[in-house]
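First up is the structure itself, then whatever we jot down about it.
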Amino acid sequence: MAPPEVRFPAARSAIGGVPIADLVAAFGTPTYVYDAARIEAQIDRFKAFDTVRYAQKANSNLAILDLVRRKGVLVDAVSAGEIHRAELAGYSASGKPAPIVFTADIFDRDSLEMVLDRGVPVNCGSPDMIDQYGERVPGGEITLRINPGFGHGHSRKTNTGGEHSKHGIWHANLEDAVMLADKHGLRVTGIHMHIGSGVDFEHLAKVSAAAVGFARRVGSSVRTLSAGGGLPTPYREEDPEVDIDAYFAIWDRDRKALEETFGHAVELEIEPGRFLTAEAGSLLTEIRATKKMGSNTFYLVDAGFNNLARPILYGSHHPISLALDAEEAAKRSLRKVVVGGPLCESGDIFTQDEGGIVRSEPVLEARVGEILTIECAGAYGFVMSSNYNSKPFAAEVLVRDGNAHLVRRRETVEDLVRGESIPEA
Ligand code: LLP
């Protein structure tokens, strides 16, 4: 009998066919490595949807945007910077369906000007956005992001629905929002909901039914329904896989009922971020010290929460493997260790639960100079990094067809102070 497939083995020697040792020799550490084939395979799972719109906030490196664009995926932008990135990666501002959509709860002034200058369509998450857009583009079109009054999320900080969430137009105020749009002659052409979904199909059915209910309240000007993102990816061996076909079936059934009522087609969009890039990304980091603290063993590595903030922010779990081939790995045993980074802050620990409770996890016995791979780090990894402790941003590498491409060079200490100045005495 074939052994059960292990998603997250304790040792891993290559990424996308390229030896980790070669990646480290060429690019150093800490380095993010993305496996193009895994992103492409995830995109293929959404074939049934009319439009796949990548929530680039998950990973907006230009090479990733270019890769998803070549696969026919459109893009979401939440800032002037993200519109700029989308354009640099080859997306045009206009087209049907819109290649770039701006989704937010506010227009900061830069975003508003860029949206207007480029003609990027907007998905409004507050009445003020409707007003500010309507004043500048009377007679235009908008879509509305609705907060349905309930939510779902893996952490309080990422739950995106309900009355404690700042996102979207409150469901009970939908008619007011439509009146406000009318005042400016704006047509509401789409309904969008992103509440973080989970894998619970009863919940998903509720989300879809709610979206359709909102579309009916707006009326037949609605031509797109967006299911938002929020599809979970496995971070642990035992995490379930989402059944995308079943997910589509729920939305498709409700969309068809809506088409019947309206007498015209309604496009179904999905807006995944994490689902496309999380599993494709790994953070390579070198062990620089190992030490005992009473009963705990620590592996201290050269990446910290400046590179990957999810553990300290949400207590998120990331699988950790040692870069070794299977033969060498077989000679080592697992030991429970705490994995921490270089920052002068005790919370700089990759193995922690929400609330900052440090835990130890089984990692293969390792020595200083060996490489740990922190996995499932391709979404909300690099993009949430900081320069805390004056640490330069890591390098980013894309592995495609067995070749490694540097897609963002490591920052230098000179980069860190660019733009700073000391006032003359
Ligand atoms: N659409 C909208 C409007 C969103 O706000 C988001 C994520 C997405 C789509 C994509 O969601 P995804 O498919 O990636 O779950 N930093 C947190 C996640 C924050 C998500 C913010 N909005 C983390 O590291 O888990």
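Here, each number is a calculation from the coordinates, and none is a lab measurement. Being a predicted model, the structure only gives us computed values, none of them experimental. When we count neighbours, we look across all protein chains shown, and the Cβ atoms used for this are built from the backbone with ideal geometry, even at glycine.
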Q. Once you sort the root eigenvalues of the Cα gyration tensor of the chain as a ≥ b ≥ c, which label holds: rounded (a/c under 1.5), prolate (a/b larger than b/c) or oblate (the other case)?
A. prolate
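Please sort 306-312, 241-247 by packing, taking for each peptide the average over its residues of neighbouring beta carbons within 10 angstrom, highest first. Numbers along the way, then the final one.
Numbers: 306-312: 23.1, 241-247: 15.1.
Sorting 306-312, 241-247 by mean packing, highest first, produces 306-312, 241-247.
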Q. Between F262 and K183, what length in nm is gained on full extension when 0.36 nm per residue of separation is reduced by their alpha carbon distance?
A. 26.1 nm
Q. Rg to Rh ratio, the range 232-354, alpha-carbon atoms and Kirkwood radius?
A. 1.18
Q. Aspartates and glutamates near K291 by alpha-carbon distance under 18 Å, same-chain residues fewer than 8 away left out - which ones?
A. D302, E345, D348, E361, E365, E370
Q | Mean Cβ count within 10 Å, highest first, over the residues of peptides 201-212, 400-411, 74-85 | A | 74-85, 201-212, 400-411
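Pairs to check: K71/K166; K96/K183; K47/K96. Give those whose C-alpha atoms are more than 22 Å from each other in this structure.
K71/K166; K96/K183
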Q | Selection from H184, T373, A172 lying farthest towards where the dipole of the chain points positive, charges on Cβ | A | T373
Q: Would you mind classifying the range 346-425 by shape? Square roots of the alpha carbon gyration tensor eigenvalues, ordered a ≥ b ≥ c; an a/c under 1.5 is rounded, otherwise it is prolate if a/b is larger than b/c and oblate if not.
A: oblate
Q: Among DSSP beta bridges whose residues both lie in the chain, state the antiparallel percentage, nearest 5.
A: 45
(Q) What's the magnitude of the charge dipole for the range 22-64 around its Cα centre, counting Lys and Arg as +1 and Asp and Glu as -1 at the beta-carbon? Answer in Debye, nearest 20. (A) 220
Q. Okay, which of the range 24-67 sit inside 12 Å, backbone N to the point 7 Å along the Cα-Cβ direction of D239?
A. none
Q.
About the Cα centre, and with charges only on the beta carbon of Lys, Arg (+1) and Asp, Glu (-1), how big is the dipole of the chain? Nearest 20 debye, please.
A. 300
Q.
Sort 273-284, 58-69 by the packing proxy (mean of other Cβ within 10 Å over each peptide's residues), most packed first.
A. 273-284, 58-69
Q) Toward the positive end of the charge dipole of the chain, about the Cα centre and with charges on Cβ (Lys, Arg +1; Asp, Glu -1), which of A104, G162, I312 goes farthest? A) I312
Q) Taking the convex hull of the alpha carbon atoms in the range 66-151, what volume per residue do you get, in Å³? A) 109
Q. What are the lysines whose alpha-carbon lies under 19 Å from the alpha-carbon of K206, with same-chain residues fewer than 8 places away excluded?
A. K256
